[in-house]
Amino acid sequence: MDFSLGTGLTYLNGQYREIVYTNTNSANPYLSELLWNLDNIFLLNFTLGASKGPWSLDLSLGTAVTEGSGIMEDYDWGDYSKTDWTNWSTSLIFLDKSFFLDVNSSYKYKLNSSFSFPVKLGYKLNYLDWEDESGEYIYYWDFKDEVYFDPVQTGDFGGVNGIDYKVIQNIFYASSGIIFTTGNITTGINLALSPYIYAWDLDHHIIRKLYFLDTFIANFWYRTELSLKLKVRPKGEFLLTVFREELPEAIGDTFQYDEDSSDPEEVGTQSGYYADGAGLASVLWGIELSYIWTF
């Protein structure tokens, strides 16, 4: 049996969409949409593997070592007769905590000395937690009186922490691809698909002193990978991987909680429930370079 140990760095970008649906027959189905753009994040990764013949078991862990330089844009639709947003604001966002896990088992069918076809079953966890610094806003619509502002309200929140957000995705997947080896160079392409994803997010509206917990069950997620492996020593190799993964828009339920007056960091009493009131979508892409030792 062979064992492997690896470490690497990933450059990660992407976007999470947090959606609130309206219950009215409006021109636009959204009441609100927050676009959390994740930019310039670096992850430190570790891998551990065991293989015997065509079978292998692999584990990878990753966490961010930078907070990134993302921007969140918040759109609201107050006038349901129109498709255009009425209110908008923007924030700087900073990644606070993160954790990525991938554990899988695979079987590699070898066609000849050059081509092989891996089949893999696995579980993937994506966890991200970030804070914002609220900035500019444009408000056309007064939600309290349900009329347009005259004149339009514009300004700047001055960098206050307005919304914190965390999201977890549990992804169960199957994948397959093609691996081509010639000399010390191995190239590969792989496609992973998931029929079952359980996800949730927690949105802390600090200014409003409210928490919104959304839960989702989705049946489609995919990830594509291109890889290039270069053996530089009998037991050592560099691996370069380019990947993109996406969860299309999924619908879930919203649980609303009042902020705990004794501890603002904790949810308090449930004050609302909205079936099919929330949406979640995400796209992540990145480039990973790692070094792997086999022993």
| Among the residues of the stretch 127-149, is any charged (D, E, K, R) and touching a Lys or Arg at 6+ places or on another chain (Cβ under 9 Å)? | yes
| note | Filtering the stretch 153-186 down to residues that are among the polar types (S, T, N, Q), under 28 Å from GLN15 (Cα atoms) and touching a residue at least 24 places away in the same chain (Cβ under 8 Å) yields ASN161, GLN169, ASN170, SER175, SER176
| field | Test for GLY6: is it surrounded by 15 or more Cβ atoms within 10 Å (Cβ to Cβ) and not polar (S, T, N, Q) | value | yes
| query | Quick one: how many residues across the stretch 250-295 are loosely packed, with under 13 Cβ neighbours inside 10 Å, under 12 Å from VAL20 (Cα atoms) and of a type in the set (Asp, Glu)? | reply | 1
| remark: Residue pairs qualifying under the 8 Å Cβ cut-off, at least six apart or on distinct chains, with the first in the stretch 95-116 being loosely packed, with under 15 Cβ neighbours inside 10 Å and the second being not in a strand (DSSP E or B) and not polar (S, T, N, Q), are ASP96/GLU67; TYR107/PRO54; TYR109/PRO54; LYS110/PRO54
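How about the stretch 216-295: which strands (runs of 3 or more DSSP E) wholly inside it have at least 3 residues that are modelled with pLDDT of 95 or more, among the aliphatic types (A, V, I, L, M) and touching a Leu at 6+ places or on another chain (Cβ under 7 Å)? So that I can check it myself, show each step before the final result.
Details: elements: 221-233, 236-259, 267-294.
Counting at least 3 such residues, we get 236-259, 267-294.
The values are calculated or read from the model by the stated rules, or taken from the named source; none is laboratory data. Everything numeric in this text was worked out from a predicted model, so none of it was measured. Cβ: placed from backbone, ideal geometry, glycine included. Neighbour counts: every protein chain shown.
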